[in-house]
Amino acid sequence: MATTTNYGWTTPDDTALVKDGAAAIRTLGSSVDTTTKNLNPETTLGDLAYRSSSANVKTRLPLGTANQQLRVNSGATAPEWFTPTAAAPASASAQVNAQESTTSTSFTDLTTAGPAVTLTTGTKALVIVDCQSNNGAGGTYSVMGCEITGASSVSPAVNDSSGTYAGALFATRTKAIRYSGLTAGSNTFTAKYAVEGNTGTYLRRNIFVMDLGS
């Protein structure tokens, strides 16, 4: 008996005398039906089909669940659904509680340097500095800023600092600074301090850094 080129369905030879045409049609129809199902194994809306190891046979991959993603399995033999794990942004924090002072009008360390953290970041990072500080002279400020060293080099600036203006009473000040244009890699973020005049005193100094990627 003759067969078709691609799927090998049995058909009568050109010279054959078909005695039972109905049976021949049923045989051919059954072959077509089987092959069609093998090539279309999906049963549910959203199913996927991929080529299996058997010729002319596909394997059904049922629809995944909400928010799943498609990937190649660990054996690199077939696709599969997986639920991605949400990774929290890398972050670090540090604190120095000591009460210490400076009269420096340019950013400097206190007796106890820092606080400081080292974090692998992309080109962007969020830095939050806060402390309790005071300054006894009228119309002058005491500020806490951030210096970035390591892969990047960024000097602290008054505009990017938490500050307390004149007053003998301690006040809590917080500043959030979003840095961009950093050099990706290991960066160290160190708190620095300066005054406009007189003596600035600081305690409960904190720094928090979060990587914002690139």
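Of the numbered criteria (1) more than 21 Å from Val209 (Cα to Cα); (2) out of contact with any Phe, Trp or Tyr (no Cβ under 9 Å at 6 or more places or on another chain); (3) of a type in the set (Gly, Ala, Ser), the one Gly139 fails is (2). Annotation: Cys131 fulfils all but one of (1) touching a residue at least 40 places away in the same chain (Cβ under 8 Å); (2) out of contact with any Leu (no Cβ under 8 Å at 6 or more places or on another chain); (3) farther than 15 Å from Met210 by Cα; (4) crowded, with 16+ Cβ neighbours inside 10 Å; the unmet one is (2). Of all residues in the range 92-103, those being assigned to a loop (DSSP other than H, G, I, E, B) and not β-branched (Val, Ile, Thr) number 3.
Looking at Gly139, Gly185, just one residue is touching a strand residue (DSSP E or B) at 6+ places or on another chain (Cβ under 8 Å), surrounded by fewer than 20 Cβ atoms within 10 Å (Cβ to Cβ) and modelled with pLDDT of 95 or more, and that residue is Gly185.
In summary, Asn134 fulfils each of the numbered conditions (1) under 19 Å from Gly197 (Cβ atoms); (2) in contact with a Lys or Arg (Cβ under 7 Å, 6 or more places away or on another chain); (3) of a type in the set (S, T, N, Q) with the single exception of condition (2). Return yes when Ala88 is closer than 30 Å to Val129 by Cα and either outside the structural domain of Thr188 (by TED's automatic domain parsing) or surrounded by fewer than 13 Cβ atoms within 10 Å (Cβ to Cβ) (or both) and no when it is not. Taking the combined requirement at face value, the residue satisfies it.
The values are calculated or read from the model by the stated rules, or taken from the named source; none is laboratory data. For clarity, every value in this text was computed on a predicted model and none was experimentally measured. Cβ sites come from the backbone with ideal geometry, for glycine too, and all protein chains shown count toward neighbours.
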